[in-house]
Amino acid sequence: MKLMIIESPGKIPKLKAILGDGWQIAASVGHVRDLPKKAMGVEPPDFKPQYELIERGVAVIAKLKALAKQADAVYLATDPDREGESISWHLQQCLRLDNPLRVTFNEITPTAVKAALNNPRTIDVKRVAAQEARRVLDRLVGYMVSPELSRQTGERLSAGRVQSPAVFLVVERERQIQSFKVTNHFGVQLFFACAKNQSEPARDSAQSEYSAEWLTKPKFVTADPPYFMDRAFAMAVAEVKTVVVLSFGQTEATRSPPAPFTTSTLQQAASVTLGLEPKTTMESAQKLYEQGHITYHRTDNPNVSDESLADIYAVAVKMGLDMAERPRKFKAPEGAQEGHPAITPTHWEIEEVGETAGQRALYAMIRLRAIACQLADARYAVRAARFESAVEKMAGMTVEFEAKGRTLVDGGWLNLLDGDQADESKSDEPANPIPDLAPGQTLSVAHGTLLEKKTQPPSRYTQASLIRKLESEGVGRPSTYAAILDNIIGRAYVKTQKKALVPTETGCLVSDSLAGNFKFIELGYTRQVEQDLDRIASGEAGYKATIQTVHANLTRDIAALNLSVAPKHPCPACGKPLHRMKGKDGYFWGCTAYPECKATLPDDEGEPGTAKKPMELSSFLCKTCNRPLIHKIKAGQGGYDFWGCSGFKEGCKQSYKNLNGKPYYDV
């Protein structure tokens, strides 16, 4: 019997059907070991991780050990990425496998699985080291910075190596919006009637007029400010009655299809087009992959495999669509690993699959996008004209206008796909049917319009645009974006308002406390760390040196912070920072130097309150335990006046009536 160990149990039915008799298939259900829950689990100078079985991993490993003892050969078929490679290594260590066979496949199809079995390899320890370094770096930042963040702010806050830069981006954008100053400026649009006998650049147009816009640059507008703000002048320009044609030209333009989906663009498109959260998108894609319907969904390669081209051609012919003249290749983002092809269907001819509506919609989007990437360009007829006119009310000063228009001649890939689903800023351009014109020709203006414009602040990030920004800045990796967003929203550092991401007060506090104090929140630094992790995977850098560098930076930043930043709420006893805590009786403030300093203060609406004065001990003694008595008085309704034993915390509940300022012992 041969044993194949995979990650997800959802793949087992499909793989059993492919492998047949003589195989046992079992799942690790993801990771089986991790760093300890309640300790950092890695220490200088060697930074060797101290792994322990996770709670679920204990039972999983026991089961897999029993199966491995009965197997003639063990195949480790965890996912084909760095995390999957790391899981295989942990399985080898826990099961004490001498010669496990590592196999990977990008799709769960008979061809791909059998090809993998025919070409087994050993575990790639360099990729394992890169994944291990990522996990350790995340742990270092979390365990070293989060306590300092809490100490300095007095709040229970956490920092993350990639989550904190993501929060910083959202906070920075919100500050840009808040500080934005609106500038009112003006433009002019002229409209001309389309004569019935005027030729069109393509099929008949439903529009009865075309337009041109006033060119304020460079004659009327300088670089600072780059806006025309003379309303009276603009109104005069809008009243011109005729223009003279300066130039006219017609060309053809093409528009190429977008690349097939990578992990990042799939999450963006599903957010924009289907309204799915990135986490939901990845869960649905995981199910489609497990069911054998799509290729591996964690990839940053925007190109289909060469083997898929024939399948795309066959589907395109059946659908009556024209292919591009030669196979298209798309440029990968900077830093992309390109280990696996883009996300595509495994059976191109199948139009609908999936167990839920969300899965079916996601599959349809993946399939159409992948087919469209190899279709012919969309072609447009493009016309452009320049006009000149004299403004009578402004002493005959001449102004120029420009008209641009394009008409779709051949839809090409647009016959299948309506643009780039990941683009939130897409807009349908009007055809603007400019007729045949000749230089020197005089045209009558049908009417002019004053355009009253306002400068707009930058838009808030959405989940889709933040993912795009993180990718462009090299923060995190495509497979981590869903977790990043889930983390910062789940911790209430960021909230969503009508799809927009808005920082909370807590998120601003985290960002402001880290920015300028810690290098890891800087985008350039985070990008460099990601590149170092890539270099570990390729064998160009070492695990230990990379971790040591980051640890040294964190240590230096923390030391500088402790020297330069005074605690927001210093302890009245020792001067160390106080932090807000929740006990069985509600919130209170405790010293971060506990147990050395046991000072506490009550909570006063989120701020440290005033310490209660210690009760004064009297010279009168308790007749039960011989401890001093305390005179307890409260005036008003519900008040009291009695003597209580100072040993009440130790269990003595004795009390005495007050009689003329003295305890009345005859109880």
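The values are calculated or read from the model by the stated rules, or taken from the named source; none is laboratory data. All of these numbers come straight from a predicted model, not from anything done at the bench. Counting neighbours? That spans all protein chains shown, and the Cβs are built from the backbone with ideal geometry, glycine included. Remember, those area values only see protein heavy atoms, side chains included, never the ligands or the DNA or RNA. Shrake-Rupley method; radii C 1.70, N 1.55, O 1.52, S 1.80 Å.
Worth pointing out:
- By the equivalent-ellipsoid construction on the alpha carbon gyration tensor, the range 561-602 comes out with semi-axes of 20, 11, 8 Å, ordered largest to smallest.
- For the range 617-663, alpha-carbon Rg relative to the globular expectation (2.2 N^0.38 Å, N residues): 1.12
- Based on Cα atoms of the chain, Rg over Rh with Rh as the Kirkwood radius reads 1.12.
- 3J(HN,Hα) from dihedral phi, the range 488-496, Karplus parametrisation 6.51/-1.76/1.60, rounded to Hz, x for glycine, proline: 6, 7, x, 7, 6, 7, 9, 10, 9
- Taking the longest Cα principal axis of the chain as reference, the axis of helix 55-70 is set at about 80 degrees.
- The P(r) of the range 471-591 has a tail past 25 Å containing 45 percent of all C-alpha pairs.
- Helix axis angle, 163-178 relative to the chain longest principal axis, alpha carbon, degrees: 60 degrees
- Inter-centroid distance (Cα atoms) of the range 596-617 relative to the range 103-157, Å: 45 Å
- Debye log10 I(q)/I(0) at q = 0.15, 0.26, 0.29 Å⁻¹ for the range 499-564, Cα point scatterers: -0.63, -1.10, -1.20
- One decimal place: the segment Ala446-Thr356 gains 26.9 nm when fully extended, by the rule 0.36 nm per residue minus the C-alpha distance.
- Taking only the Cα atoms of the range 2-123, the radius of gyration and Dmax are 15.1, 50 Å.
- Bridgeable aspartates and glutamates around Lys498 (alpha carbons under 16 Å apart, same-chain partners fewer than 8 residues away excluded): Glu174, Glu277, Glu424.
- C-alpha long axis of helix 357-372 to longest principal axis of the chain, angle in °: 40 degrees
- With the helix formula -39500 (n - 2.57) applied to DSSP H stretches of n ≥ 4, the chain reaches a computed 222 nm mean residue ellipticity of -10000 deg cm²/dmol.
- Taking other residues whose beta carbon is less than 14 angstrom from the beta carbon of Gly57, and scoring Lys, Arg as +1 and Asp, Glu as -1, yields +1.
- As a calculated quantity, the FRET efficiency between Ala573 and Gln637 at R0 = 41 Å, using C-beta atoms, amounts to about 0.70.
- GluC sites (Glu not before Pro) restricted to DSSP loop in the range 597-667 with at most 13 other C-beta within 10 Å: Glu605, Glu616
- Partners of Lys393 within straight-line reach, counting lysines whose Cα lies under 17 Å from its Cα and excluding those fewer than 8 residues away in the same chain: Lys241.
- Taking label positions 7 Å along the Cα-Cβ direction at both Glu334 and Lys48, the computed distance is 3.9 nm, reported to one decimal.
- Within the accessible area of the chain, the carbon and sulfur atoms contribute 49%, probe 1.4 Å, all protein chains present.
- Taking all protein chains into account, the per residue accessible area for the range 536-622 stands at 65 Å² (1.4 Å probe).
- Probe 1.4 Å, protein heavy atoms only - accessible area per residue of the range 2-123 in square angstrom: 49 Å²
- Pairs from Lys576/Lys598; Lys14/Lys126; Lys65/Lys287; Lys65/Lys126; Lys14/Lys318 whose Cα-Cα separation, in the structure shown, is over 19 Å: Lys14/Lys126; Lys65/Lys287; Lys65/Lys126; Lys14/Lys318
- Gyration tensor (Cα) of the range 263-373, equivalent ellipsoid semi-axes in angstrom: 21, 18, 12
- Each semi-axis of the equivalent ellipsoid for the range 232-301 is √(5λ) with λ an eigenvalue of the Cα gyration tensor; in descending order they amount to 50, 19, 8 Å.
- Summarising the amide proton neighbourhood of Thr183: residues at separation of 5 or more, or on other chains, whose placed amide H is nearer than 5 Å comprise Thr455.
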